[in-house]
């Protein structure tokens, strides 16, 4: 579990640091340092294991069913990287404490740094590939926070987003690659993957797998053509650059290259893809670095170049090359970190990083200058420094490979050229900054930095020296175990020494040195030439084009589809429905018409149908003359209810009729506040299109109805007919179904009604509409709102209507009728009062608020259902019995009746609420109000 | 008779669809009403057509029509009533908020042509 | 029948009774109403938990309403899937409600009544075993959602509401046409019974049934906001109040649930005309939905609209899992379902706090003043964005990993991999842009808006904690979703449980 803890500690530390930071700036630094030390101490006891040649694997089940475990692995390679991450991390923590200014939030910085450190540690210690990917993406995310640390700077924001986009792309590609790998191997554990290396290389999916994984590697390690994000990430504070671009972020890519080396390497695809990318990056980076005037820009491109070198080494796929690659990872980390820190010091003390202004700093900060010069020499590959050793090995391998390939001389030539440029830009770093005349109007006079800011640089430079002079005594064992676990086989024969005799590699080094000096001497014409065409090769341009293109495209597509038009939504839905409904018939296997004999049509029905269709067409035709349309649609409803009568559905007929009345009243009230005339359609084409669609839809439903009606079917209805009386205690089967067999539906349906009422009530609260005093023709409305005769008549009718309603409610269980119809009739009766007598009069005599009715209705219905629990029956179980009372005689009492009462109340309540609410909207203009007073 | 009913349903649907595609709220409401007629009728005749055999148990009756679709239609009628009422008031609300009775709240639908 | 026997009906009755009580109590002080609402909503958690427990071993709890046996009466069927949906719904509801108590609930009338009845509709839809009853509960949850959507009013809200209502009315009409046809051919409404009848349908009825079943799919696709029927969602979710939008994060899942439930029964049968009915339709549409959802998110001008489009995208992912027709993929989808629900809900709530904090520019992607409590809100946004984008290490990534892993075994692996990975990357890019525009490109002076209260941020934190929980407990959770998937993929057990001795 130690490994898990070591990885998780920094994540926990992030929170700790953020919290501590409130109580003092240095405390955040101290906490961060403590956390880092903690991880180091956790790993320290395990140190001997890799050197003893044992690989430690610790595993906790996470998603065992998917082969996704929390699995950690400590071997030589992991150890090496863990050492770099934590060791240099510690130095960065110290350095940043003095680098960050008072304005910068320590908490945010160190918290993000800890997050990043933990993610990096997770990558290098992962045994499970998916887990590795998780940490991989976490580095992308946390580096986003670090690069965008100075969020008020535009280049910081854009640099961060670019880094995230590019490395994110790699991450998702790599997920695909790992999925394929797991698919091939059947496991995501590295051990299993190593075991089936040959199987993988032989697998047909090898090439896609390799390509996807390499995409991840190249984006992360800033390999050509994905290198462009790295220089823009320099907008980050220098400690971040020193960390991300020396030992960590960008090294994650080459780490993975090393990790999967035994699995994926050794094929021509690997050789060509990896080494060509590496070589291109090596050259491009080295060349561009020379012409950067920004100190950090130079270092950035030099980093790119060195990453290319490492990639190239792994691409060459000889064991020795791999060893050299691992070795150079160590060396580059040390000298590059120190160089970044030095650059940071210079920036910090001199206030600029522009090498055209930074000159002759030697006399201001000789000590820092010395350190920087040593590190730069290591970068250039000067003997006695660590950079020299790995570069020698690199040259040797280049030569070695070249013997096997046609035109092999090309490789040594090119790498020497790259070496020469490395020398050149290293010289420039030294000469332009510390010598080369006087500084040019620096913001402030530079001086040596505070003591502790230099310590990290000293340590790293010291490492460069000792490794460079006595490699065998220092780095050798670590390199050995790291290289061994990289190759997963016995190490090849090699020995680290300064002097290998006078061999080709040495010659190449000397040539590179000489050429480097030469290039530096002719740098001015070169720079001029370069800058004449520099802006032409900037990968950021295509990147931005791509990104903006994406956003533009998405806007275009979305605006085209989502026009915010309801008509289009309805249109889409209709088209979808037509497609779905028609598709099955295209096969033409089954006939549309069935075998069931039909009823003969009779004249009454024919004329009724004709009337109905005519009325429908009239409604459509007169849609813009709205009152007319309203009247004819009333006719449609009327005929529909007649149809119900005709085909043995008295309940439906009654319901339809009463609903019809209420709906029409509603529409009338509504029309009062809407334009009396519709606007004609501006485009005829639209009418044709919709007409065609309507025709298609109509045909569709007609065909559907026809297909069903002409087919025989057997139904569960028999059960209802049998059990209605014995089981439900009612002879009106429809009603028994409503209140008993399917009472649950009814409960839901009255809830809908109640919701409609409440929703409308809520809407009307804030709705104020003024009624027009004149109609569209400009005639004044009839001032006499409520004719006396009608008023008195309706007042007399009210009790009668209510009586009818009660009667219908009671008999509903056995004869056509029931809660709905009774409720609607009652509602209509009451509404008529409103229409005839006006809201004012009615409100005096009736509770204006019908919400209690709804509450009571729903309550009664629900609690009737719940009551059955008491008798140990399910919800809504009905019971009934026959009572004998004197006078009244024998009559039935059914729980379903109570339920129906609930229905009745809700219907009345909801309908009243809707209609009165709408009626109450009428804010009459003064003149009318006066007239009304007279009428009363 | 079946053909006749199918035709009626078809015409109702066509009318409803056409109106539902209009640009002002009132015709759309009318269209939805027509559609609800159509579907109620459709649902009803799913119990097939039968004359003079109401599903009310009595010793006199010899046969009964399928009562279930009737119950379903009754539910459907009430639900669609609630929905229609809601959409009517919403149309008024929209007119008050948007200042006109276009479904998209536009003075002219030139720029909202799909 | 013991009280425990009534467990399946509780998720329905509880909110209904609460709604009625709240309606009766409409005159009492807000505090009391809030109390009732909270208690009723929290009470759903143990109920859902109990159902999860009771169905865990694979039993189907069948509840005969009115004590009428299937297929004649209406039955409730609680199985693993239903219990899962109930639990997710209850969790989202609790935190949406808690957020609403910050003042949203008093912006209009009857918020708490509508909220409870919304839950009544949702839970009823998840539990019912009857097709027409499903229609009824769709109507309930729709009407409740109309009320909630319009709660508070406002120009754009009303317009969005009008569109939402009308398109759903047309949808309901189609629902009735489909159900009617199915009844007209088979003479039954009980889903299990329908499945049995389908399997035994003579070939001359095949096309008719398929046509009806596909129309039904059209309705569900509308509810689920599947391409090309998703246009109602961005406006509706983007313009309603934050807690309502958060609650609605589960609403599209109802459509997805219905597709899964109904077609696992109808098309899940080995024989019959409906076997494998959706195979040709669902997967391509789902992938298109995912792609268009992310494109929409990229095109959005404000964070709430963007969140709405991410809801669309999440539906795409979810239905991709369903459409692959593979038990492992389905398990991934069912694991993704709560994740995406919590994540998008959190994003809606957070977007509201951000809009309030920034003042005039609101949630629009324009440079504005630095908002108060920016570090805290920013960190919350960072985590939420990771969750929404399905980035590591949160459960969204794990779900996508499961999904792709399962997809590799199918013939369409290439497409699924390409679309899911590409949209994943684009989602990250889009959210990085949003975050950088909202939190980084700030101009002084700092916003003078009131500091977002912790009471407003707490629900967001809680939802993120749930996501974290899904991540940490990924092992057991995915095992459970695998169990759900297994149960859903074997409809025979469901049918036998419902029809029992009847067949």
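Scaled against 2.2 N^0.38 Å for its residue count N, the alpha carbon radius of gyration of chain C is 0.94.
In plain terms, the residue of A:348, A:447 with the fewest other Cβ atoms within 10 Å comes first and the most crowded comes last, giving A:447, A:348. Note that chain B shows a convex hull volume over its alpha carbon atoms of 102 Å³ per residue. May I ask for log10 I(q)/I(0) of segment A:209-266 at q = 0.14, 0.16, 0.23, 0.28 Å⁻¹, from a Debye sum over the Cα atoms as equal point scatterers with solvent left out? Summing over Cα pairs of segment A:209-266 leads to -0.41, -0.51, -0.89, -1.12. Label zone (residue C:301, point 7 Å along Cα-to-C-beta; backbone nitrogen cut-off 16 Å) within segment C:156-170: C:156-157, C:160. Distance distribution P(r), segment A:690-730, all Cα-Cα pairs, bin width 10 angstrom from 0: 24, 24, 20, 20, 11, 1 percent. Pull out a ≥ b ≥ c, the square roots of the eigenvalues of the alpha-carbon gyration tensor of segment A:335-493, then state rounded if a/c is under 1.5, prolate if not and a/b is larger than b/c, and oblate in the remaining case. Judged from the Cα gyration tensor, segment A:335-493 comes out oblate (a/c at least 1.5, b/c at or above a/b). The equivalent ellipsoid of segment C:428-503 has semi-axes of 48, 16, 13 Å, largest first, where each one is the square root of 5 times an eigenvalue of the Cα gyration tensor. Calculated FRET efficiency, residue C:45 and residue A:5, Cβ-Cβ r, R0 30 Å, to nearest 0.05? E(calc), rounded to 0.05, equals 0.30.
Relative to the longest principal axis of the Cα atoms of chain A, the long axis of helix A:319-350 makes an angle of roughly 80 degrees. Chain A has equivalent-ellipsoid semi-axes of 86, 33, 30 Å, by the square roots of 5 times the alpha carbon gyration tensor eigenvalues, sorted largest first.
Spherically averaged projected area of the convex hull of Cα atoms, segment C:165-284: 7.7 nm². Normalised by the number of residues in segment C:262-327, the mean separation of alpha-carbon contacts (under 8 Å, six or more apart) gives a relative contact order of 34 percent. For segment A:136-272, the relative contact order is 31 percent, taking Cα pairs closer than 8 Å that sit 6 or more residues apart in sequence and dividing their mean separation by the residue count. Let me know the shape class of segment C:110-226, please: from the alpha-carbon gyration tensor, a ≥ b ≥ c as square roots of the eigenvalues, rounded when a/c is under 1.5, otherwise prolate if a/b is greater than b/c, or oblate. Prolate, because a/c is 1.5 or more and a/b exceeds b/c.
With the convex hull constructed from alpha-carbon coordinates only, segment A:14-168 shows a mean projected area of 10.2 nm² over all directions.
The value for segment A:77-221 of Rg(Cα) / (2.2 N^0.38 Å) is 1.21. Take each residue of peptide C:127-138, count the partner chain Cβ atoms within 10 Å of its Cβ, and average: the result is 4. Taking the longest Cα principal axis of chain C as reference, the axis of helix C:282-299 is set at about 10 degrees.
Residues of segment A:297-333 with an amide N closer than 12 Å to a point placed 7 Å from the Cα of residue A:532 along the Cα-to-Cβ direction: none. Cβ-Cβ distance of residue A:579 and residue C:410, R₀ of 30 Å, FRET efficiency by 1/(1 + (r/R0)^6): the value works out to about 0.75. Could you work out, residue by residue across C:103-112, how many beta carbons of other chains sit within 10 Å of that residue's beta carbon, and then give the average as an integer? Neighbouring Cβ atoms belonging to other protein chains average 2 per residue here. Once divided by 2.2 N^0.38 Å, the Cα radius of gyration of segment A:33-76 becomes 1.45. Computed from the C-beta positions of residue A:363 and residue A:47 and an R0 of 56 Å, the FRET efficiency is 0.80 to the nearest 0.05. Each of residue A:155 and residue A:664 was given a label point 7 Å from its Cα along the Cα-to-Cβ line. The distance between the two points is 7.8 nm. Helix A:386-402 and the long axis of chain A differ in direction by around 80°, with both axes built from C-alpha atoms. Across segment C:5-66, Cα-Cα distances exceeding 19 Å account for 42% of all pairs. Annotation: for a label point projected 7 angstrom from Cα along Cα→Cβ of residue B:3, residues of segment A:600-628 with backbone N closer than 11 Å are A:601. Distance between the 7 Å Cα→Cβ label points at residue A:211 and residue C:27: 7.5 nm. Helix content alone sets the calculated 222 nm mean residue ellipticity of chain C: runs of n ≥ 4 DSSP H residues at -39500 (n - 2.57) each, divided across all residues, give -24000 deg cm²/dmol. Within 10 Å of the Cβ of each residue in A:210-219, the mean number of Cβ atoms contributed by other protein chains is 0. Here the label points at residue A:269 and residue A:19, each 7 Å from Cα along the C-beta direction, are separated by 4.9 nm in the simple model. Using just the Cα positions, wrap segment A:154-246 in a convex hull and report its mean projected area in square nanometres, one decimal place. The Cα convex hull of segment A:154-246, projected and averaged over all directions, gives 6.8 nm². Between the alpha-carbon centres of segment C:1-80 and segment A:619-675 there is a gap of 39 Å. The slack between residue A:370 and residue A:645, meaning 0.36 nm per residue of separation minus the straight C-alpha distance, is 88.3 nm.
Spatial offset of segment A:400-430 relative to segment C:304-350 amounts to 52 Å, using the alpha carbon center of each. Structural descriptor for chain C: relative contact order 15 percent, calculated from alpha carbon pairs under 8 angstrom and at least 6 residues apart.
Readers should treat all values here as calculations from the given coordinates under stated rules, not as data from a laboratory. Source: prediction; values computed, not measured. For neighbour counting, all protein chains shown are included, and Cβ atoms are generated from backbone atoms with ideal geometry for every residue, glycine included.
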